[in-house]
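Below is one structure; the comments refer to it alone.
The values are calculated or read from the model by the stated rules, or taken from the named source; none is laboratory data. Remember, it's a predicted structure, so these values are computed and weren't measured experimentally. Quick reminder, even Gly has a Cβ in these numbers, built from the backbone with ideal geometry, and neighbours come from all protein chains shown. Surface areas here come from the heavy atoms of the whole protein model, side chains and all, with no ligands, DNA or RNA. Shrake-Rupley method; radii C 1.70, N 1.55, O 1.52, S 1.80 Å.
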Amino acid sequence: MSGPTVTLTADPTGPTGPSAPPSGSYRTAPVPVWSRVVHHQLFWPVVALVLLVIACGIKNPVFLDVEIRDGHLFGQLVDISRYAATPLLLALGMALVIATGGIDLSVGAVMAISLAVSLSYLDGNPGAGSVGTVAVAVALGILVALVAGVFNGFMVSVLGIQPFIATMILMVAGRGVAMLITKGQITTVTSPPFKYLGSGFVLGVPTPVVIALLALVGVAVLVRRTALGMLLESIGINREASRLAGVQSRNITWFVYILAGVLAGLAGIVYGAPTMAADANNIGLMKEMDAIMCVVLGGTALSGGKFYLSGTVVGALILSTIERAVIIFHIPSQITPLFKALVIILVCVAQSPKLREYLAPRRRRSVVAAAVAAPAPTKEEAR
Amino acid sequence: MTTTAPAPRTSTPSPSEKKPMVRRRLGRFLAPEFLPIAGTILTFVIMLGVGQARYGGERSFISMKLFSNLLQDNAYLLVLAIGMTFVILTGGIDLSVGAVVALVGLVIATLLPMGVPLPVVLVIGVLIGSTFGLLIGVLVQYFNIQPFIASLAAMFLARGLCNVVSVQSVAIKDEGFASLASWSVKFGEGRDIWKINLSMIVALAVLAFAFYVLHYTRFGRTVYGVGVGDDGNAIQLMGLKAGRTKLWVYVISGTCAGIAGILFAFYTKSGFNLTGIGMELDAIAAVVIGGTLLAGGGGYVLGTGVGVLVYGLIQVLIAREGLDSWWTKVFIGVVLLGFVILQRVIVTRRKR
């Protein structure tokens, strides 16, 4: 999904170092295929995912089965992709935000707000069962999420406040706002069309998966078939320089936060639809961390300037596979965070330039070591 | 301004300026880098004024009892925020502290009934924090992993370990622990009685120590320096040990989280795996309200102390007003917003 021009940069920390142009063709000597594969940014995440799936498959052979029941797909793998939908929706927006060198901590709270607004609208509405009313409810939820994104974007791009702190304000206050909307209660409604958004099927595929895929394709087309993705990355590398080069950095940054907000609103509705209960205190709790984890597992560095949508998808799949694997191995599900931590640490260490330097062939090591030892900022080095 | 150019950082006030004492003090008050803290103090005073006006009545709202309660209820937060100040001054972040607090509480609650002596348990508690700090520091310093992700991993790790230890709330019934937790010196009489307890003493001691380290030692100057020059490269060229300092601030923050975990256990007399969710954000918010720049390099640890008091006072006022507790979150968000914008205005003005 990510543009071929970027993914071809086989080993960005290679001996050519920071001075190399960001294209795949800078090496004069041909690179062996295995080396390209091993140094591809998707290599370690995919290895982690495959290992997880294999481990689950050995423990429980039924794991890999996918069957068609009543015209719908069923099976553990289908469940995993269904669970991956919410983090993926969040992570898509997050990946773009991170590409601009920012971060959006408010997505979990925005999920709660959006769901609270949708369900409050449906609550007591006589037309809660009709598609039209549900469409309005969803639109309202997403509209509020959009406003949240506008706020975040305004703080970051116009006022120039650090993204971490700017979005933390909504993260802290947002949950309080969601509680105000639901008046501190857990709002529960019954509405078949709304429930369909979370637990229905489209042509045999779970609705959340379809929604997430549509969002993925939409975002991918938006950033990879237009120049937007490149402009985002240029902002992440050096905002001032890209502004001077004529990139509308303010508007683009603003847009990215709005998009992240909208996707978070959608994620909140998809996440809350199966239960149709808006629990403002718990919906989306720590989900921003999960989303960031998906993005980082996919090979995107938090320092910005680069993003991989395909990697983000793999990250979301890893996340939901871990959650499923814990159940398959009969481990108490509360221990899931432990495995998340181990996977984050392993993948991050595997991706770290230091380890690559250590694993690099002898003749190259000295060159790379010299490059690393030089007092160049890590940000540049990683590029 | 469209730039996100890292906010200009302030330098440590050098104690060796050769100006008359009074003018030096006054100048420092009016210096731009002091404005955020002036804002914090002003907010605190205004909030106290509002409280006095609304709930003054026959018994003064502003009283030793109020301050004593504020400190008592927020001692753990103060210690956390002090550790966080070190990390933020270097431009980093530590998201693991809330989870570490929960873990330390649980470990104390499990070890004490097993007959492990109290002093040993307390030391283990602090060391758990230091170990997590060390882990983050190593990941940040030696594997070039962003602090955000490294501490996020540590957070998940600590939460997971909490759930391994116990998923139920464990009451701490140990007598020695209870006597430590309830030890206090009482002052005043009648309804105005106020006290000094162990948590307050520990928190204030940590604050004093942090103040000394940050402003009067070479290490403290290096901490400020790491936040200023190009990820520590500038001061590395000056011969200061930026790398080691970057490692140490996380150990300090972790150790503070360990101490805070013990104080929190004193406060709740139990360990629970779900305590401290979002506590790291409370700590970060207190640091930011206290005037430390999140970009690193500027701020005062005493400001963090006032930030924690503002944070606690918000809760007191909300409770006195009879509002539901979720208003606290909204208000804290609004106060944060105010301070962030204030910081931004100051920074922009100084750049011109």
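A compact table of results
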quantity: 1.4 Å probe accessible area per residue over chain A, in Å²; calculated: 41 Å²
quantity: Degrees, to the nearest 10: A:362-373 long Cα axis against longest axis of chain A; calculated: 70 degrees
quantity: Partner chain coverage, peptide B:277-287 - average Cβ within 10 angstrom; calculated: 2
quantity: Per residue solvent-accessible surface (Å²) - region B:89-224, probe of 1.4 Å; calculated: 42 Å²
quantity: Chain A - Rg (one decimal) and Dmax (whole number), Cα, Å; calculated: 21.7, 74
quantity: Chain B: relative contact order in percent, alpha carbon pairs under 8 Å with at least 6 residues between; calculated: 33 percent
quantity: Equivalent ellipsoid semi-axes - Cα gyration tensor, region A:76-128, angstrom; calculated: 27, 19, 7
quantity: Accessible surface of the protein assembly as shown [probe 1.4 Å, protein heavy atoms]: carbon and sulfur percent; calculated: 67 percent
quantity: Cα-centred dipole magnitude for chain B, charges only on beta-carbon of K, R (+1) and D, E (-1), debye, nearest 20; calculated: 1260 debye
quantity: Dipole magnitude of region A:35-162, debye to nearest 20 (Cβ charges: Lys/Arg +1, Asp/Glu -1, about Cα centre); calculated: 280 debye
quantity: Net charge, A:MET171 excluded, C-beta distance under 10 Å - Lys, Arg +1, Asp, Glu -1; calculated: 0
quantity: Where GluC sites (Glu not before Pro) in DSSP loops with at most 13 other Cβ within 10 Å are excluded, longest remaining stretch of chain B; calculated: B:190-352
quantity: Candidates per trypsin sites (Lys or Arg not before Pro) in region B:53-116, loop by DSSP, up to 12 other Cβ within 10 Å; calculated: B:ARG59
quantity: At least 30 Å² of accessible area lost relative to the chain alone, listed for region A:333-351 with a 1.4 Å probe; calculated: A:GLN334, A:ILE335, A:PRO337, A:LEU338, A:ALA341, A:ILE344, A:ILE345, A:CYS348, A:VAL349
quantity: Mean Kyte hydropathy of 0.0 or more with a Cα span along the axis of at least 20 Å, helices from DSSP in chain B; calculated: B:35-55, B:64-89, B:97-111, B:118-142, B:147-165, B:198-216, B:242-268, B:301-321, B:326-351
quantity: Loop-located trypsin sites (Lys or Arg not before Pro) in region A:160-269, at most 10 other Cβ atoms within 10 Å (DSSP); calculated: A:ARG225
quantity: Local electrostatic count, B:VAL202, Cβ distance below 15 Å [Lys/Arg +1, Asp/Glu -1]; calculated: 0
quantity: Prolate/oblate/rounded label for region B:38-89 (Cα gyration tensor, a/c 1.5); calculated: oblate
quantity: Chain B, helix-only ellipticity at 222 nm - DSSP H runs n ≥ 4, -39,500 (n - 2.57), divided by all residues, nearest 500; calculated: -23500 deg cm²/dmol
quantity: Simple Cβ-charge dipole of the protein assembly as shown, Lys/Arg +1 and Asp/Glu -1, about Cα centre, in debye nearest 20; calculated: 2120 debye
quantity: Spin-label proximity, B:LEU323 to region A:160-197 - amide N less than 12 Å from point 7 Å beyond Cα toward beta carbon; calculated: A:176-177, A:180
quantity: Normalised contact order of region A:41-352, rounded percent, pairs of Cα under 8 Å and 6 or more residues apart; calculated: 35 percent
quantity: Whole-Å semi-axes of the ellipsoid equivalent to region B:166-308 (Cα gyration tensor, √5λ, descending); calculated: 34, 19, 14
quantity: Among A:LEU297, A:LEU244, A:LEU228, residue whose mean-square fluctuation peaks in a GNM of chain A (springs only between Cα atoms under 10 Å); calculated: A:LEU244
quantity: Inter-label distance, nm, simple model (7 Å from Cα along the C-beta direction), A:THR190/A:ALA241; calculated: 6.1 nm
quantity: Of A:LYS287/A:LYS354; A:LYS183/B:LYS329; A:LYS306/B:LYS241, pairs whose Cα-Cα distance is over 21 Å; calculated: A:LYS287/A:LYS354; A:LYS306/B:LYS241
quantity: Equivalent ellipsoid dimensions for the protein assembly as shown as semi-axes, Å, which come from the Cα gyration tensor, largest first; calculated: 40, 33, 27
quantity: Members of region A:230-249 that become less accessible by 50 Å² or more once partner protein chains are added (1.4 angstrom probe, chain alone as reference); calculated: A:ARG239
quantity: Interface area, A with B, accessible, probe 1.4 Å, both sides summed, Å² nearest 100; calculated: 4600 Å²
quantity: Solvent-accessible area lost in complex, 20 Å² minimum, residues of region B:145-161 relative to chain alone, 1.4 Å; calculated: B:ILE145, B:GLN146, B:PHE148, B:ILE149, B:LEU152, B:ALA153, B:MET155, B:PHE156, B:LEU157, B:GLY160
quantity: Centroid-to-centroid separation of region B:249-286 and region B:49-92 [C-alpha atoms, Å]; calculated: 16 Å
quantity: Distance histogram for chain B (every C-alpha pair counted, 10 angstrom bins, percent rounded to whole numbers); calculated: 6, 24, 32, 25, 11, 2, 0
